[in-house]
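Written below as structure tokens is the structure these notes are about.
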Amino acid sequence: MRMHFSVRSWKTTGRRMHGEYGYIEEGELGRPYDMSLLKRFVPYAARYLRPIAAALALAVAVTLLDLAVPYLSKIAIDRFILSYWHVVDFSGLPASKSSELMNGRRGAFQPTVQPGRFALAYVETKKLDPDVLNRLRTSGLLLDERYVRVTEAGFRELEEEVGKAESFRLADGGILLAESLLERLDAGQRKRLRSADLRGLGLVAAVFAALVVASFGLGYVEYYLLESTGQRIMFDIRSELFSKMQAQSLRFFDRNPIGRLVTRVTNDIENLNEMFKSVVVTVFKDLLLLIGIIIVVIYLDRRLAMWMFAFIPIVFILTMVFSRLAREAFRAIRSSVAALNAFLQERVSGMHVVQLFVTEAFQMAAFERINLRNFLAGMQQIRIFAVFMPFMELISSCAVALLIWYGGGQVVREELSLGALVAFIGYMQMFFRPIRDIAEKYNIMQAAMASAERIFEFMDLEDRIPEAAAPYAPRAVRGHLDFRGVCFAYDEGRPVLDRVSFEIRPGETVAIVGATGSGKTTIVNLATRFYDPDEGGILLDGVDLRKWSKSALRGALGFVMQDVMIFSGTVRENITLGRAGLDDRRVEKAALSANALEFIERLPGGLDHETGEGGSGLSTGERQLLSFARALVNDPPLLLLDEATSQIDPGTERLIQQAVSREARNRTMLVVAHRLSTVMEADRILVMRRGRIVEQGSHPQLVALGGLYYKLHRTLAR
């Protein structure tokens with residue numbers, strides 16, 4: 001019974017799931033925090049200290065602006081909306097007793113024009129010791145009536161209606177009007193009396209708007225600096241990574257799949273960029289925000305702050321549990337996605353085999369099993385997120401509810417101002433915001449640390465062809481190639497060449513023939529120094545290849561391979577490959593020498609014709625002729641042909657043979673071939689078997705010898 005799952009769309013609300021954390025590759029998970037890896041970023045970040053410092057400074061500024069917003073609400077409520085005053089009557093008490101009751105806050109008690117009577121602002125009553133405030137109430141010193149400070153002009157206009165019995169004049173000229181009287185007035189009269197409070201609210205609103213605009217502007221600059229700096233750092237790492245990749249030997253590429261290497265330069269780098277912009281700087285900003293909130297709430301009310309901090313251990317434990325569960329879910333997803341990628345890469349590459357042998361149904365069943373595994377792993381992660389995120393919201397809501405209950409009681413008992421409670425709630429919600437983001441940052445860090453470990457492990461590799469300390473780079477190369485007792489193995493214990501020795505004199509053409517696996521192509525790879533021999537030495541013009549400058553050596557070689565690589569771009573670009581000093585005259589001359597000019601001129605645009613990936617639009621023979629022109633364009637003194645005619649039609653083979661015969665007069669040539677027709681005109685032929693040269697001589701000499709070459713000749717002649 002087959003199960004079919006059709007998942008048309010999955011939507012996540014407000015949180016990232018596994019597919020949004022960049023590339024996922026199977027292997028050990030990175031730790032969310034690895035100081036040794038983070039230190040490796042320091043040299044790259046040090047190049048951009050100014051923009052990073054500017055971004056951090058802007059992050060501090062934006063955080064301070066964010067912290068100011070809830071406090072503005074406190075100011076608006078306590079100073080302008082609930083701008084109540086109490087009157088305290090100390091007229092019957094001695095000065096020492098009244099000073100004692102003021103509890104060291106004499107500046108909070110505003111004197112009135114009536115001796116012994118003081119006005120105490122609503123917000124100041126919350127700063128008094130609760131015991132002192134209770135004594136003032138129970139002793140009747142704190143009058144029951146509440147008063148509102150009104151404007152002089154408004155009071156003068158309504159003085160006859162108001163009367164002086166229900167008002168107090170402060171020593172500084174301010175006027176307090178009983179709240180009960182104010183409530184009996186109409187809206188217009190109240191507005192005139194409280195015009196100063198309305199202006200204050202307008203000022204608070206203007207400051208609030210200014211803070212929002214400033215936060216937006218500074219946040220924009222911070223984001224731009226952060227993103228651009230992150231891109232520059234990733235640009236540097238990616239460039240260094242590609243440079244390191246180009247320096248590796250072919251042995252390295254034999255052991256590492258292309259897809260994995262491409263991933264290092266693209267997706268793994270993007271994971272690092274995500275970490276830089278979403279975690280490294282934002283963690284600094286979040287920590288600054290949390291510290292700022294802690295300082296402000298302790299300043300507002302220590303007791304209420306302790307209630308708020310009581311939720312931190314709960315959040316910490318919950319986060320630790322989530323991190324462990326998320327790690328396991330993430331591991332399962334990495335494994336399933338890696339299996340899915342491997343399956344798709346293999347099947348897409350071999351689609352012609354799948355279709356040729358009609359195995360679509362079997363492959364679909366196999367794909368559904370892997371896809372189902374990935375689906376179930378994703379659902380497991382969804383379940384974990386579905387519990388953690390709402391639970392964090394629940395804890396946040398419970399914290400707010402506790403604040404309302406406990407803080408509201410303090411407001412009723414006049415131990416806390418309403419504005420302070422509102423600000424507390426705002427700070428509480430801000431406090432939980434970075435904590436809720438821990439889940440997202442944890443997964444980003446985990447993926448980034450895994451990517452960083454792979455990237456720096458690659459950068460630490462030494463599997464490359466080293467450049468000599470004082471590289472040899474002569475002005476002219478004669479083309480004298482000499483193999484001396486060369487031994488080589490791609491894998492330890494499986495030798496490919498065994499004490500191979502031969503010499504090619506300048507201007508000589510030497511061909512190598514032999515069965516598949518006899519070591520022919522390996523000789524060419526060693527001559528180009530794609531590899532270094534395990535034993536023995538290879539000399540060009542009497543100098544060991546290991547002492548040559550790699551660029552000088554390969555600049556002296558022209559190489560035509562069996563598997564031609566044509567890049568996306570113009571025909572001209574595929575011939576020159578960006579090498580300097582190659583104008584159209586030299587390109588056309590090389591194309592003519594390779595017998596490729598005729599077909600190039602037939603192409604739309606000629607040398608400017610755009611070829612697709614892999615040379616799509618060109619035949620196999622045309623690609624081979626283009627490769628031959630590429631080898632000849634810099635007029636190399638040494639030409640290497642590795643099975644250059646093995647996969648082309650007879651007509652193209654004749655064109656190449658004509659070109660080879662023509663070019664052989666002017667340079668040293670080493671030709672590897674299966675087809676004996678390609679090598680019969682060589683000055684000397686080397687016959688290889690199991691990594692050794694078993695025969696050598698000209699074509700007539702080897703035929704007369706009656707050995708392995710003679711048998712090959714007779715077999716092919718039939």
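Working carefully through the options Ala338, Ala332, Ala342, find the one that is in contact (Cβ under 8 Å) with a residue 40 or more places away in the chain, surrounded by fewer than 16 Cβ atoms within 10 Å (Cβ to Cβ) and outside the structural domain of Asp129 (by TED's automatic domain parsing). So that I can check it myself, show each step before the final result.
Values: Ala332 fails: surrounded by fewer than 16 Cβ atoms within 10 Å (Cβ to Cβ); Ala342 fails: in contact (Cβ under 8 Å) with a residue 40 or more places away in the chain.
Just a single option satisfies the conditions, and that option is Ala338.
Out of (1) modelled with pLDDT of 80 or more; (2) on the phi > 0 side of the Ramachandran plot, the odd one out for Asn371 is which?
With (1) modelled with pLDDT of 80 or more; (2) on the phi > 0 side of the Ramachandran plot applied to Asn371, the lone miss is (2).
Given (1) outside any helix (DSSP H, G or I); (2) assigned by TED's automatic domain parsing to the domain that holds Ser73, where does Val358 come up short, assuming only one miss?
Tallying (1) outside any helix (DSSP H, G or I); (2) assigned by TED's automatic domain parsing to the domain that holds Ser73, Val358 fails exactly one: (2).
Working only within the range 292-347, note down all residues that are touching a His at 6+ places or on another chain (Cβ under 9 Å) and among the small types (Gly, Ala, Ser). Before the answer, list the steps.
Of the range 292-347, the ones touching a His at 6+ places or on another chain (Cβ under 9 Å) are 329-330, 333-334, 337.
Within the range 292-347, Ala329 is the sole residue that qualifies.
If I filter the range 634-645 for residues that are more than 18 Å from Pro506 (Cβ to Cβ) and modelled with pLDDT under 75, do I get at least one hit?
Scanning the range 634-645 turns up at least one residue that is more than 18 Å from Pro506 (Cβ to Cβ) and modelled with pLDDT under 75.
Mind checking which residues of the range 526-552 are crowded, with 20+ Cβ neighbours inside 10 Å, in a helix (DSSP H, G or I) and out of contact with any Lys or Arg (no Cβ under 6 Å at 6 or more places or on another chain)?
Answer for the range 526-552, where residues must be crowded, with 20+ Cβ neighbours inside 10 Å, in a helix (DSSP H, G or I) and out of contact with any Lys or Arg (no Cβ under 6 Å at 6 or more places or on another chain): Leu526, Ala527.
Being touching an Asp or Glu at 6+ places or on another chain (Cβ under 8 Å) and either under 30 Å from Arg199 (Cβ atoms) or among the hydrophobic types (A, V, I, L, M, F, W, C) (or both) is the filter here, so list the residues in the range 83-108 that pass it. Give the steps one after another, and end with the answer.
Kept after step one, since they are touching an Asp or Glu at 6+ places or on another chain (Cβ under 8 Å), are these residues of the range 83-108: 83-84, 87, 103, 105, 108.
Correct list: Ser83, Tyr84, Val87, Arg105, Ala108.
Mind listing whichever residues of the range 646-681 are under 21 Å from Arg714 (Cβ atoms), of a type in the set (Ser, Thr, Tyr) and either at pLDDT 70 or above or in a helix (DSSP H, G or I) (or both)?
Ser677, Thr678
Go through Ser239, Ser249 for me and flag whichever is within 30 Å of Ala55 (Cα to Cα) and of a type in the set (Gly, Ala, Ser). So that I can check it myself, show each step before the final result.
Numbers: Ser249 fails: within 30 Å of Ala55 (Cα to Cα).
Exactly one of Ser239, Ser249 is within 30 Å of Ala55 (Cα to Cα) and of a type in the set (Gly, Ala, Ser), namely Ser239.
Take Ala420 and tell me if it is among the hydrophobic types (A, V, I, L, M, F, W, C), under 26 Å from Lys277 (Cα atoms) and in contact with a Leu (Cβ under 6 Å, 6 or more places away or on another chain).
On the way: among the hydrophobic types (A, V, I, L, M, F, W, C): yes; under 26 Å from Lys277 (Cα atoms): no; in contact with a Leu (Cβ under 6 Å, 6 or more places away or on another chain): yes.
When the stated conditions are applied, Ala420 does not pass them.
For Leu272, all conditions in the list (1) surrounded by fewer than 18 Cβ atoms within 10 Å (Cβ to Cβ); (2) at pLDDT 80 or above hold save one; what is the number of the exception?
(1)
Please state which of the following conditions Leu402 fails to meet, knowing it meets all the rest: (1) in the same structural domain as Leu72 (by TED's automatic domain parsing); (2) touching a residue at least 40 places away in the same chain (Cβ under 8 Å); (3) surrounded by fewer than 17 Cβ atoms within 10 Å (Cβ to Cβ).
Evaluating Leu402 over (1) in the same structural domain as Leu72 (by TED's automatic domain parsing); (2) touching a residue at least 40 places away in the same chain (Cβ under 8 Å); (3) surrounded by fewer than 17 Cβ atoms within 10 Å (Cβ to Cβ) leaves (1) as the failure.
Take the conditions under 30 Å from Ile523 (Cβ atoms) and modelled with pLDDT of 85 or more and apply them to Phe253. Does it pass? Before the answer, list the steps.
Details: under 30 Å from Ile523 (Cβ atoms): yes; modelled with pLDDT of 85 or more: no.
Criteria not met by Phe253.
Scan the range 665-699 for residues that are in contact (Cβ under 8 Å) with a residue 60 or more places away in the chain and on the phi > 0 side of the Ramachandran plot and jot them down.
Arg690, Gly691, listed by residue number.
Residue by residue, here is whether (1) small (Gly, Ala, Ser); (2) on the phi < 0 side of the Ramachandran plot holds:
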residue: Lys550; (1), (2): no, yes
residue: Gly558; (1), (2): yes, yes
residue: Gly581; (1), (2): yes, no
residue: Asp584; (1), (2): no, yes
residue: Lys589; (1), (2): no, yes
residue: Leu592; (1), (2): no, yes
residue: Ala596; (1), (2): yes, yes
residue: Phe599; (1), (2): no, yes
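For the range 171-183, does any single residue satisfy the condition of being farther than 23 Å from Ala76 by Cα, at pLDDT 75 or above and assigned to a strand (DSSP E or B)?
Within the range 171-183, not a single residue is farther than 23 Å from Ala76 by Cα, at pLDDT 75 or above and assigned to a strand (DSSP E or B).
This table checks each residue for (1) of a type outside the set (A, V, I, L, M, F, W, C); (2) outside the structural domain of Pro70 (by TED's automatic domain parsing).
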site	(1), (2)
Glu368	yes, yes
Leu376	no, yes
Arg383	yes, yes
Leu394	no, yes
Gly409	yes, yes
Phe431	no, no
Asn443	yes, no
Glu453	yes, no
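Quick check on the range 581-592. Is at least one of its residues touching a His at 6+ places or on another chain (Cβ under 8 Å), in a helix (DSSP H, G or I), more than 30 Å from Ala469 (Cβ to Cβ) and without any contact (Cβ under 8 Å) to a residue 60 or more places away in the chain?
Looking for residues that are touching a His at 6+ places or on another chain (Cβ under 8 Å), in a helix (DSSP H, G or I), more than 30 Å from Ala469 (Cβ to Cβ) and without any contact (Cβ under 8 Å) to a residue 60 or more places away in the chain, one finds none in the range 581-592, hence no.
Within the range 186-240, can you find the residues that are crowded, with 17+ Cβ neighbours inside 10 Å and not in a helix (DSSP H, G or I)?
Arg194
Identify, by number, the condition in (1) at pLDDT 90 or above; (2) of a type in the set (A, V, I, L, M); (3) crowded, with 18+ Cβ neighbours inside 10 Å that Leu64 doesn't meet.
(3)
The values are calculated or read from the model by the stated rules, or taken from the named source; none is laboratory data. Source: prediction; values computed, not measured. Every residue, glycine among them, receives a Cβ derived from its backbone with ideal geometry; neighbour counts consider all protein chains shown.
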